[in-house]
Amino acid sequence: MTILGPMVQNGSLSEAKALIVLMLGSMFMLPFIALRSQIPTYASVFGLRMGLSLVATSTIISITVRLMVLCLLIMAT
């Protein structure tokens, strides 16, 4: 992420391609973020079974939305 800014500024990478890279990276990191932060919170509030179900549903929806946006970005470039 820190190297994308200079690459966009010197013209070796377009803004659209940098956005595609960031969207792809966030899509792959989302399950790990959910494991580290959301599961303990939701499991403590709603119980283990319901907490896992809520986190899984939320993560799947978020990945699906990001995948759709990523596909739109790829088709636009």
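None of the figures in this text is laboratory data; all of them are computed from the coordinates on show. Please read these numbers as outputs of a predicted model, since none were measured by experiment. Cβ: placed from backbone, ideal geometry, glycine included. Neighbour counts: every protein chain shown.
Take 2-11, 27-36 and order them by the average number of nearby Cβ atoms within 10 Å per residue, most first; the result is 27-36, 2-11. Two tests apply to each whole DSSP H helix in the chain, Cα reach of 20 Å or more along its axis and mean Kyte-Doolittle hydropathy of at least -0.5, and the ones passing both are 15-33, 48-76.
Counting alpha carbon pairs within less than 8 Å and at least 6 residues apart, what relative contact order, in whole percent, applies to region 17-76? It would help to have the intermediate numbers written out before the result.
Details: 30 pairs, mean separation 23.4, N = 60.
Reported relative contact order: 39 percent.
By its C-alpha gyration tensor, with a ≥ b ≥ c as the square roots of the eigenvalues, how is the chain shaped: rounded for a/c under 1.5, else prolate for a/b larger than b/c, else oblate? Before the final figure, lay out the partial values.
On the way: a/c = 6.03, a/b = 2.29, b/c = 2.63.
Cα axes put the chain in the oblate bin.
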